[in-house]
Amino acid sequence: MRGAARRHLSGLGVALTLLVTPAAVRAQALEHDTSLPIEITADQLEVAQRERVATFTGNVDAVQGDLVLSADQLRVFYYGDQEGERPAGTSGSIRRIEAEGNVFVSSPRETAQGKLGVYDVASNQLTLEGAVVLTQDANVVRGERLEMDLVSGRSRMLAAVAASEGAEPAQRVRAIFTPEQVDPAAGPVAADADPPAPPPATPPATQ
């Protein structure tokens with residue numbers, strides 16, 4: 001215990017569910033439904049009431065619908081109960097989630113991993129930093145920073161910036177796209193099929 005301002009919980013399967021409900025107007029056009037509650041499970045939970053921060057450590061998973069954010073540690077910043085503290089149009093508790101260590105994001109369409117992650121709940125923005133790898137099917141994109149808009153479903157990968165002027169150029173964004181493969185068992189497509197053989201020649205009639 002660290003006083004009344006901090007509470008410490010430990011053990012397997014610590015879970016916390018906090019409702020996050022952005023404005024209904026934005027929810028109608030969601031690529032990912034950010035109006036769903038966020039459920040967090042971890043081995044350990046420590047809450048700082050005065051700072052309004054909950055720290056989850058050990059095998060942490062934050063699940064919102066079909067979106068999963070995993071990391072070694074998650075710090076959840078939430079709103080207080082005072083009037084005017086929460087932005088207009090939001091009724092949820094969480095305002096920001098910071099992930100650190102083996103950060104991994106997965107959805108039915110794609111996966112992404114990096115060293116650090118931030119989920120800004122108010123703006124529906126998810127950001128990963130540090131040797132980021134974005135994978136969708138057989139396509140892979142690598143960079144230093146990934147910005148994901150959970151409303152529009154659009155993502156932007158950024159390269160690292162050079163440490164100082166005159167330094168060696170930082171690694172650029174790299175992408176590998178795999179073309180769709182044709183199943184050989186399906187047989188040749190129409191364009192590759194052999195043309196039909198001409199009919200046999202008819203010998204001339206004898207008189």
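The values are calculated or read from the model by the stated rules, or taken from the named source; none is laboratory data. Everything numeric in this text was worked out from a predicted model, so none of it was measured. As a convention, Cβ positions derive from the backbone with ideal geometry for all residues, glycine included, and neighbour counts pool all protein chains shown.
Residues that are at pLDDT 85 or above, surrounded by 11 or more Cβ atoms within 10 Å (Cβ to Cβ) and either over 23 Å from the mean Cα position of the chain (by Cα) or not in a loop (DSSP other than H, G, I, E, B) (or both) within segment 162-182 comprise Arg174, Ala175, listed in sequence order. Scanning segment 123-147 for residues that are charged (D, E, K, R) and either crowded, with 18+ Cβ neighbours inside 10 Å or in contact (Cβ under 8 Å) with a residue 24 or more places away in the chain (or both) yields Glu129, Asp137, Arg142, Glu144, Arg145. Kindly indicate whether any position in segment 28-50 is surrounded by 17 or more Cβ atoms within 10 Å (Cβ to Cβ) and modelled with pLDDT under 50. Yes, that holds for at least one residue.
Going by the structure shown, is Gly80 modelled with pLDDT under 95 and over 19 Å from the mean Cα position of the chain (by Cα)? Yes, satisfied. Scanning segment 91-121 for residues that are polar (S, T, N, Q), touching a residue at least 24 places away in the same chain (Cβ under 8 Å) and either surrounded by fewer than 16 Cβ atoms within 10 Å (Cβ to Cβ) or farther than 15 Å from Phe77 by Cα (or both) returns Ser91, Asn102, Ser106, Ser107, Thr111. Residues of segment 148-161 that are loosely packed, with under 15 Cβ neighbours inside 10 Å and within 24 Å of Ile38 (Cβ to Cβ): Ser152, Gly153, Arg154, Arg156. Among the residues of segment 42-77, the ones that are farther than 15 Å from Glu100 by Cα and within 20 Å of the chain's Cα centre (by Cα) come to 5 in all. Looking only at segment 58-73, decide whether some residue is modelled with pLDDT of 85 or more and either in a loop (DSSP other than H, G, I, E, B) or more than 22 Å from Val132 (Cα to Cα) (or both). Taking every residue of segment 58-73 in turn, at least one turns out to be modelled with pLDDT of 85 or more and either in a loop (DSSP other than H, G, I, E, B) or more than 22 Å from Val132 (Cα to Cα) (or both).
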